[in-house]
Each structure stands twice: as C-alpha cells, then as structure tokens.
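Input: a single structure, listed below in structure tokens.
The values are calculated or read from the model by the stated rules, or taken from the named source; none is laboratory data. Every value quoted in this text rests on a predicted model; they were computed, and no experiment measured them. Positions of Cβ are backbone-derived with ideal geometry, glycine not excepted, and every protein chain shown enters the neighbour counts.
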Amino acid sequence: MQYRKIIFALFGIFFSVNLFATHNVGGYITVTQIAPLTFQAKIVTFTKMSSIQADRDTLNLNWGDNSQSERVVRSNGPIGSHGIPLGVAIGNDIKMNEYISGFHTYPGYLCEYIISVSDPNRVSNIININHGGSGNINPGGSVNVPLYFETRIRPQSQNHCMNSSPVLETHPHFFALTTDTLTFNMTASDHDGDSLSFEFTTPLQASGFPVPNYVLPHQIVPGPNNQISIHPVTGEIKWHSPQRLGIYVVAVKISEWKNGELYGNTIVDFNITVYPDTSSRPHFTTNWQLDSTGAYSFTVIPGDTLQLDFSATADIIFFAGEIFRLASSPDFNFTGIAPSLQGNFYWIPDVADARITPYITTFRAGKNHSIGTYLNDLTVSIYVSGAPLPAVCAQTSNCFTSVSENGKPYDTRLYPNPFTHQFQIELSAQSAGENLSLQLFDVQGKQIRQVFTHGATNLLIERGNLPAGIYIYRLTKENGERVAEGKVAAL
C-alpha cells in the first residue's frame, strides 16, 4: 500500500451562512517562555466580519504584574489602508485575528501571573447568557457583556523546565445541528510535554467576574437527549443533542501539570451556533474498542508500526495534531469516492518520540450540507512507550511544599486514573503506622472530601456523588507536612 503525506490548511474550512449578530465570537491567549522570566504572547480572537465599526486592529494585553498594558497590533491577513493587517476570513462571516506581543520580562517569580485581554462586546442574542430560568432569555442581553479571557502561567528557571502554555491545533469555533450529536476537538498540545486536562468553566466578563446568569448549553431545554460533556484527558467535546436554535457560548479551561503539580491554565471562550437539521451528516465507522475512559487509545513501541483504518461518510477528511509536526510524521491518506471514503493512518515512531503523555490526534470529516459544510471529529490518543521519567523541575517559589520525609519521597501509586466508580491509592511501607490525611479538592480549590489512613497503606476511594471532572488529591502528615499530591480525573 502506498502512503502519501497530505498537507491541508488544517481545519480552515468554514461555512458561508449568516450568523445572528454583532462582534466577538471567541478568543484565547497562548504564551511562550523565551527565558527564565521572559515571555511572548499571542492573542487569537474570532470576530464578525460584518461588524466593521467594531473591528479592533489593536488590543490591550495585561501581563498581570502591575505593569502598563501592552498595546498589541494585529499581525495576520492582508494589509489594510492604514498599513495594518486585516485578519483572515475563515467563512461564515467570521475572521480570525492574531496579535503577537513583544517580549515581556517579569520582575520576579510568583506562584502565577494572569495574562489577560478584555474587549467590550460579545455578539447579541447568546441564549445561555442572561438566562432568566424556566426557558426565558433576555433577547440581545449578551451584546453589552464583555469578552474576557486569560492564561495563567508560572515562570520556570531551568531550561529543561521552561513553561509555555498549551497551543490549539484547530479553530475553537463550530456550529451544530438540532437533534444531531456534535463531536469536536480543539486538539490542544503542550510543547513542554506537560500533561493537560480539560473541563468546562463559566465564561468571564472580567478577572474573577463570571458573565451574568450563565448556564451550560444543555440546560437550555434540558432532558436526557440534551447533554454536553468534555473528556478530561483528550479534550473531546460532545453535545448530544441541541434542542433550540441560536447562539451559545462555552468556555473550556485547559490546565497543564508538571510532576502532578498544577502549573497554569488557559481559558478558551467560543460560541456554538445551532441550525436546523435538514440533511445527512458526516460520520465515522471503525472497529476500534473504547478504553476504560471512553476514548480510543493506542500504544506503540518505537520502531514498530501503528496502522489505523476507518471509513467515513464524508466529502473530505482533514487531520490535526502535533504528531504531524514530528520528524517521523505519520502518513495519512483517504481513498474512495465521496461520500464513501476510507482513511488510512500509518506511523513508525522514533525513539525520540517516546514520552509519558499521549499524542492527541483528530480526524475530521466534512460533508456538504444545506447550510454549508458540516464537520464531525474522531479523536485518538496515541502513547509511545519507553519514555524516560520526566525531569523534576526546580522549585522557583513558595507555591509548593516538598513531597518528602527526611529527604526521601513517599512512593504513592493511584489507579485507575481516570476512574469511573472508585480509585485506589497505595502507599509505600514507610507510611505504615502513620495517620495521614487524604484531602480531595475541586479545581477551584474547594475541599470536597477528607479521609484518614489510620496507619493503612492502601485506600479505596468510592466516587459517590462526585461529578465528572478533574480533582486534586493531597496527602499530609499530622503536623501538616505535605507528602504527596497529584490530580485524578472522574469520568
């Protein structure tokens, strides 16, 4: 079988239909660490092309250290009459705007810096902002609600522990159809090799201030056939299935972890527009088995071959993921005659590709629809075994208590992770006889559970009524010394 590399403008296909109204429809910030205290930021916004008067060729970036905001000029697209790029049209009356900052050097190490952008207006008629309850909404009530998004970052002092924020391989803006299941993935990756976790959060209108009267999209016309979820490990979002036409807003928090410690997060704020379901949709067919977390995952040894075959009812298939930027980049092609296509993925990883975290890879099927091109995603997690243990980052602030006893770390094992009904923690023999405290926190830092070991070295923790999401566990001694900490995901 012959394989060829197909290079597309990744997922840059959008739709020539009218949306409902005014200006901002999404945004996020990525941050790259250049030196121990020096960073560069890229702001990405998605705006209405037809809102010419509301167009912003510059934005103010707040670096979070009480310094003066930096005025950042748009840097992508054709040059306009004022000599400033205009942004790039991506269809559907939407354009993508990129603003790249200069280098910013912080005065010192803190637990975190909050890098943020605020703009006065969202689009009007967002259904799940200013929601009045009992199915009532405030028409147009979202247009004067500011769009605010932020990235939180911890500077690191060693080159092997540089801490840049996650990046997105795909645009965070999509549309859905009533009575259909929307499946998509922004395909986030982290150039530092940090572990990533994903969860929904309330969109913000300013630092620490949520938008008014927000509800998740599935709480509009709620019921068993209207559920939205995000996979905490892969970031895949599923909405089964929208019941009311209109515009919704969703915010996703992407958190990054080093050695079990939270080192930053990025909020991606974007709209989902729901249209009537009028014709057939694209879909995938595979013979793969879901793992215990509900994801498609595969493990391959360097030098061995991973081949994935699937079929799709679609007119075209795209792909995205950091895996396609590797020196050993996989081959991918699709054959057949639309709408019956077969996709073939073929990869032989190198030793250099081995790592602890998976390569999140997304295949996207596109099919012509009465309102444009409708898309559907298929996400796989690819693990390359043989990865070395990650280097331990030097502590650069007083954010953490060291995980040790007399200079010797506790050996703690937690499994399964993610878990469905229960998880188990095994402690080393050195903890026998000690009454350690196990605390469980949500991502906002609220303690939701506490149990004691009473000298035992094995704990079984039942899920009970814990909702799906990411949780932080912490083991401490009676004198308050922290001896173990990490994250665990409930599906």
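Picking from Ile129, Ile100, which residue would you name as being modelled with pLDDT of 90 or more and either touching a Gly at 6+ places or on another chain (Cβ under 8 Å) or crowded, with 19+ Cβ neighbours inside 10 Å (or both)?
Criteria check complete, one pass: Ile129.
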Report task. Among what's in the range 259-289 and is of a type in the set (A, V, I, L, M, F, W, C) and at pLDDT 90 or above, pick the residue that is nearest to Asp377 (Cα to Cα). Result -> Phe284
Report summary line: Going through the range 440-480 in order, the residues found to be within 21 Å of Ser428 (Cβ to Cβ) and small (Gly, Ala, Ser) are Gly455, Ala456, Gly480
Query - Only one of Glu426, Glu434 that is of a type in the set (D, E, K, R), at pLDDT 70 or above and assigned to a loop (DSSP other than H, G, I, E, B) - result: Glu434
Query - Residue list for the range 135-173, restricted to those being modelled with pLDDT of 85 or more, hydroxyl-bearing (Ser, Thr, Tyr) and over 17 Å from Pro212 (Cβ atoms) - result: Thr151, Ser164, Ser165, Thr170
Requested in this report: For Ser51, state whether it is more than 25 Å from Ser189 (Cβ to Cβ), modelled with pLDDT of 80 or more and not acidic (Asp, Glu).
Outcome: yes
**Report entry** the range 63-76 residues that are at pLDDT 95 or above, paired with ones that are surrounded by fewer than 13 Cβ atoms within 10 Å (Cβ to Cβ) and outside any loop (DSSP other than H, G, I, E, B) (beta carbon under 8 Å, 6 or more apart)
**Finding:** Arg71/Thr58; Val72/Thr58; Val73/Thr58; Arg74/Thr58
Query raised in the report: strands (runs of 3 or more DSSP E) wholly in the range 37-86 with at least 2 residues that are among the β-branched types (Val, Ile, Thr) and out of contact with any helix residue (DSSP H, G or I) (no Cβ under 9 Å at 6 or more places or on another chain) - which ones?
Result: 38-48, 70-73
**Report entry** Residue count for the range 70-97, restricted to those that are surrounded by 13 or more Cβ atoms within 10 Å (Cβ to Cβ) and of a type in the set (Ser, Thr, Tyr)
**Finding:** 1
Query raised in the report: Has the range 360-377 got at least one residue that is in a strand (DSSP E or B), over 29 Å from Trp257 (Cβ atoms), modelled with pLDDT of 95 or more and not hydroxyl-bearing (Ser, Thr, Tyr)?
Result: no
Query - Selected residue (criterion: surrounded by the most Cβ atoms within 10 Å (Cβ to Cβ)) from residues of the range 473-487 that are at pLDDT 80 or above and either over 23 Å from His231 (Cβ atoms) or under 19 Å from the mean Cα position of the chain (by Cα) (or both) - result: Leu475
